[in-house]
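What follows is a set of notes on a single structure, which appears directly below.
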Amino acid sequence: MALMAARTKLSRLIQISLNPKSHTHASISHHHYSSSSAAASKEAIGVGLDIFGVKDYEDYRRSLYGEISHKALLVDAVGTLLVPSQPMAKIYREIGEKYGVAYSEIEILNRYRRAYEQPWGKSRLRYVNDGRPFWQFIVSSSTGCSDSQYFEELYNYYTTEKAWHLCDPEAEKVFNAIRKAGVKLAVVSNFDTRLRPVLRALDCDHWFDAVAVSAEVEAEKPNPTIFLKACELLGVNPEDAVHVGDDRRNDVWGARDAGCDAWLWGSDVHSFKENLDCIVTIVIIHFIRKFPMLGCSTDRG
């Protein structure tokens with residue numbers, strides 16, 4: 001409850017800072033903010049840094065890059081942007097029943113995990129092009145069924161809107177707001193070439209300026225190459241991008257190795273609205289440092 005109240009306070013303070021006229025006690029001219037607006041901006045910075053984990057990065061990133069600013073938001077796909085609508089083992093069993101699959105969902109899940117964790121010896125990458133050889137191995141290992149028709153039906157199912165749904169129902173509204181603020185957006189994902197059809201099926205492909213897929217980039221997270229490619233596609237430097245994903249090793253460590261900022265989905269942020277609030281907070285920090293005449297001291301001492 002305290003965290004929710006603090007976030008509500010932050011949102012209110014950010015709105016006051018960005019639009020002082022909307023606050024009954026604040027006014028703005030072409031030359032200066034009122035003292036109440038300046039105080040609100042300063043308070044918003046403090047609240048934002050404490051809540052969203054930016055505080056730990058402020059001095060570190062400033063020592064490396066001189067300023068704190070995010071010109072791009074990179075987003076992981078599975079587990080962050082979208083998730084399967086049904087448990088994998090349930091779908092494998094339901095579709096597989098007519099092909100003779102007799103394993104229970106628990107057996108399929110356990111076999112799937114063992115197969116997925118094995119080194120993939122045919123390539124240094126799991127997902128090459130459409131990823132069919134890898135997924136044929138996974139499906140047959142998980143279910144004991146090597147029927148090509150079964151594999152095709154299962155494989156094609158995961159390119160449809162029935163198979164996936166967006167994690168955050170507010171995602172479209174937030175991404176539109178982020179883009180209007182001038183922040184570029186990209187998906188960065190360990191996936192095969194079906195990711196683009198999946199994004200189109202969910203009608204969210206147009207939210208993004210670029211998509212960096214491991215099967216196309218020929219590098220899988222946590223390899224920094226895929227993050228660097230995303231930044232190249234967006235035309236930004238890595239230090240100007242923040243990546244959000246649900247895997248600490250692949251997403252957070254990988255992005256940081258590439259020189260990007262990184263937030264862990266489900267820990268640092270729980271919704272794309274928080275991404276927006278966090279980015280706006282950092283923009284406020286950058287703006288006030290750039291224009292000290294606003295009356296907000298940025299001295300943290």
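Numbers for the structure displayed
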quantity	calculated
Residue among A215, A230 that alone is touching a strand residue (DSSP E or B) at 6+ places or on another chain (Cβ under 7 Å), among the small types (G, A, S) and part of a helix (DSSP H, G or I)	A230
Among the residues listed as G254, G235, G259, the single one being at pLDDT 85 or above, over 22 Å from A171 (Cα atoms), small (G, A, S) and in contact with a Lys or Arg (Cβ under 6 Å, 6 or more places away or on another chain)	G254
Evaluation of C278 against (1) surrounded by fewer than 21 Cβ atoms within 10 Å (Cβ to Cβ); (2) modelled with pLDDT of 50 or more; (3) under 22 Å from G182 (Cβ atoms) (one fails), failing number	(1)
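Conditions tested, residue by residue: (1) touching a Phe, Trp or Tyr at 6+ places or on another chain (Cβ under 8 Å); (2) aliphatic (A, V, I, L, M); (3) at negative phi; (4) free of Cβ contacts under 8 Å to residues at least 40 places away in the same chain.
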site: G144; (1), (2), (3), (4): yes, no, no, no
site: D147; (1), (2), (3), (4): yes, no, yes, no
site: E152; (1), (2), (3), (4): no, no, yes, yes
site: Y155; (1), (2), (3), (4): yes, no, yes, yes
site: T159; (1), (2), (3), (4): no, no, yes, no
site: K173; (1), (2), (3), (4): no, no, yes, yes
site: N176; (1), (2), (3), (4): yes, no, yes, yes
site: K184; (1), (2), (3), (4): no, no, yes, no
site: V187; (1), (2), (3), (4): yes, yes, yes, no
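The values are calculated or read from the model by the stated rules, or taken from the named source; none is laboratory data. The shown structure was predicted, so the numbers you read here are calculated from the model rather than taken from an experiment. FYI the Cβ positions are ideal-geometry reconstructions off the backbone, even for glycines, and counts take in every protein chain you see.
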